[in-house]
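The values are calculated or read from the model by the stated rules, or taken from the named source; none is laboratory data. Computed from a predicted structure; not experimentally measured. When we count neighbours, we look across all protein chains shown, and the Cβ atoms used for this are built from the backbone with ideal geometry, even at glycine. Side chains are part of the model used for accessible areas, which takes the heavy atoms of the whole protein and leaves out ligands, DNA and RNA. Shrake-Rupley method; radii C 1.70, N 1.55, O 1.52, S 1.80 Å.
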Amino acid sequence: MAEIKVDPVDDHTMVIPETEISAQKPHRTLRVASLDIFRGLTVALMILVDDAGGEWPMIGHAPWHGCNLADFVMPFFLFIVGMAIPLALKRIPSKGKAVKKVVFRTLKLLFWGLLLQGGFSHAPDKLTYGVDMQMIRFCGILQRIAFAYLVVALAEIFLKDAQSNDIAAGYCSVFRLYCWHWLLGACILILYLAMLYGIYVPDWQFAVHDKESAVYGRVFAVDCNVRGKLNPPCNAVGYIDREILGINHLYLKPAWRRAKACTDNSPYEGPFKNDAPSWCHAPFEPEGILSSISAVLSTIIGVHFGHVLVHLKGHSERLKQWIMMGFALLILGIVLHFTHAIPLNKQLYTFSYVCVTSGAAALVFSAIYILVDIWGLKYMFVPLKWIGMNAMLVYVMAAEGIFAGFINGWYYEDPHSLLD
C-alpha cells in the first residue's frame with residue numbers, strides 16, 4: 001500500500017492501491033494533485049471575477065435570480081473543503097484530538113475572515129485601514145467556510161462508526177455507510193426551507209450608511225408584510241440577518257444594486273433610477289445566517305466525494321459515482337429553476353443553487369481527476385497546483401487587495417504615481 005498526503009495544511013492522508021500510483025515507491029508520501037489543482041482553479045477563478053466582474057458583468061455575480069460564473073466560486077470552495085474532511089480526519093485515531101484540530105482551524109478561519117472582510121482593510125489602494133466596531137461586517141467568505149467546515153467535520157467525527165476501508169463498489173454502498181450524514185443534510189434542508197418559506201417578514205426601515213452614496217444618512221422605509229417571498233426586499237434570509245446581526249453589520253453594496261429595478265445600466269453598475277425602489281439603497285448580507293445554513297449542504301456533498309475517494313479503489317468505480325451524482329444534481333437544479341419551483345439564487349443559497357453548483361463542481365473535479373490522476377498530465381497545471389497548495393496566501397495577497405496595497409505603499413514623490 002502507498003500513502004498519499006493530500007494537503008500539508010490539513011494533513012490529509014489516504015491509502016490507495018499501489019497500482020494507482022505508477023512508478024512510485026511504496027510508502028512514499030505524495031499529494032493528490034487533482035484536489036490541489038481544483039482548489040487552485042477556484043482561487044484563480046475568484047481573482048478573475050473579482051477583478052474583471054465589474055467590466056464584464058456576465059461573469060460577475062448575478063444581481064438576484066440566476067447564476068453567473070462568479071456564483072460558482074463559493075460552492076466550489078465549500079465542496080473542496082468537504083471533500084478534504086474525510087482525508088484529513090482519517091488518520092486521527094482520537095476523537096478528542098480531531099475535535100481540537102477542527103476547532104482550532106475554525107477559529108483561525110474566523111479570525112482571518114473578520115480581519116479581511118470585517119472592514120479593517122477597507123481601502124488598501126488608498127493605504128487606509130481600521131474599522132468602526134459599530135459597523136463591522138460579521139459575515140464573509142471565510143466565516144461561511146469556517147461554519148460549514150465546523151458542522152460537517154464534527155459530523156464526520158461523531159456520526160461514523162469503525163468502518164472498513166474496502167466496501168462494495170455498488171452505487172448506494174457509500175450512501176448506506178454514511179447514512180447519518182445524509183440524514184443531517186436532510187434535516188438542514190428541511191430547516192432551511194421551513195424558515196425561508198415560513199417566516200413572516202414585516203415592514204422595515206433603514207438609514208443609508210454608505211458614505212459614497214448620494215443619499216448618505218437618509219432613512220428609507222420598505223413595505224413587506226409577507227411570508228415566503230424570495231424577492232430582494234422581503235425574503236426571510238435578509239430579515240433574519242437584520243434582526244440578529246443588525247442592519248449596520250451587513251454588506252453595504254449587494255449585487256442587487258445592479259438589478260433592472262435599480263439602475264438603467266443593468267447589469268452594469270450605475271446611478272440609481274429616480275423612481276428606484278427604496279430597497280436598492282439597502283444593505284444585504286450575501287453570506288448571512290440562513291444562507292450559510294443552506295451552504296452546509298454543499299460541504300456535505302463534497303464529503304460524499306471524499307468518502308468515495310477513500311473507500312473505492314478503482315478509477316472507474318470512483319468516476320462512475322462522481323459523474324452520475326454530478327449530472328443528477330445538475331439536472332435536478334436546472335429543472336427546479338426553469339419550472340419556477342425554486343429559482344437559482346446565490347444570495348439566498350437556494351436548494352436549486354446547491355444542486356447546480358455542486359453538480360458542476362462534481363463534473364469539473366472529475367475532469368481534472370481524469371486529466372491528472374489517470375492520464376498523468378500534471379505538468380500542464382503546475383501554476384494552478386501551486387496556487388492550490390498556497391490558497392490562503394494567494395487569497396490574502398490578491399483577492400483581498402493586500403498585494404495591491406503593498407505595491408501602492410511604494411511611491412516616488414506622489415502616492416498615485418505607481419498604479420493610478
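Residues in segment 95-110 that are within 16 Å of Met392 (Cα to Cα) and surrounded by 13 or more Cβ atoms within 10 Å (Cβ to Cβ): Arg105, Thr106, Lys108, Leu109, Leu110. Taken together, the criteria exclude Ala52 from residues that are within 23 Å of Gly140 (Cβ to Cβ), among the small types (Gly, Ala, Ser) and buried (at least 20 other Cβ atoms within 10 Å of the Cβ). Before we move on, is Leu191 modelled with pLDDT of 80 or more and open to solvent by less than 70 Å² (accessible area, probe 1.4 Å)? Judged against the criteria, Leu191 is not a match.
Residues that are at pLDDT below 90, open to solvent by 50 Å² or more (accessible area, probe 1.4 Å) and within 22 Å of Ile368 (Cβ to Cβ): does segment 65-88 have at least one? No, the conditions are met nowhere in segment 65-88. Identify the residue in segment 194-211 that is farther than 16 Å from Asp241 by Cβ and hydrophobic (A, V, I, L, M, F, W, C) and, among all such residues, is surrounded by the most Cβ atoms within 10 Å (Cβ to Cβ). Among them, the one singled out is Val208.
The number of residues in segment 233-254 that are open to solvent by less than 20 Å² (accessible area, probe 1.4 Å) and closer than 25 Å to Ala341 by Cα comes to 9. Inside segment 266-309, residues that are farther than 20 Å from Ala194 by Cα, aliphatic (A, V, I, L, M) and surrounded by 19 or more Cβ atoms within 10 Å (Cβ to Cβ) make up a count of 5.
In summary, helices (runs of 4 or more DSSP H) completely within segment 332-397 and bearing 1 or more residues that are in contact (Cβ under 8 Å) with a residue 60 or more places away in the chain, open to solvent by 10 Å² or more (accessible area, probe 1.4 Å) and under 22 Å from Leu297 (Cα atoms) occur at 351-369. Thr263 falls short on exactly one of the conditions (1) of a type in the set (S, T, N, Q); (2) open to solvent by 20 Å² or more (accessible area, probe 1.4 Å); (3) free of Cβ contacts under 8 Å to residues at least 60 places away in the same chain, and that condition is (2).
Among residues belonging to segment 212-227 that are among the hydrophobic types (A, V, I, L, M, F, W, C) and closer than 12 Å to His281 by Cα, point out the one that is most open to solvent (accessible area, probe 1.4 Å). That would be Ala214. Would you point out which residue out of His311, His249 is farther than 26 Å from Phe72 by Cα and touching a residue at least 40 places away in the same chain (Cβ under 8 Å)? Result: His311 is the single residue among His311, His249 that is farther than 26 Å from Phe72 by Cα and touching a residue at least 40 places away in the same chain (Cβ under 8 Å). Annotation: of all residues in segment 275-308 being part of a helix (DSSP H, G or I) and over 22 Å from Met74 (Cα atoms), the one that is nearest to the chain's Cα centre (by Cα) is Val308.
A residue that is more than 29 Å from Gly140 (Cβ to Cβ), modelled with pLDDT under 95 and open to solvent by less than 40 Å² (accessible area, probe 1.4 Å) can be found somewhere in segment 322-331. Report, by residue number, each residue of segment 33-61 that is among the acidic types (Asp, Glu) and without any contact (Cβ under 8 Å) to a residue 24 or more places away in the chain. Matches in segment 33-61: Asp51, Glu55.
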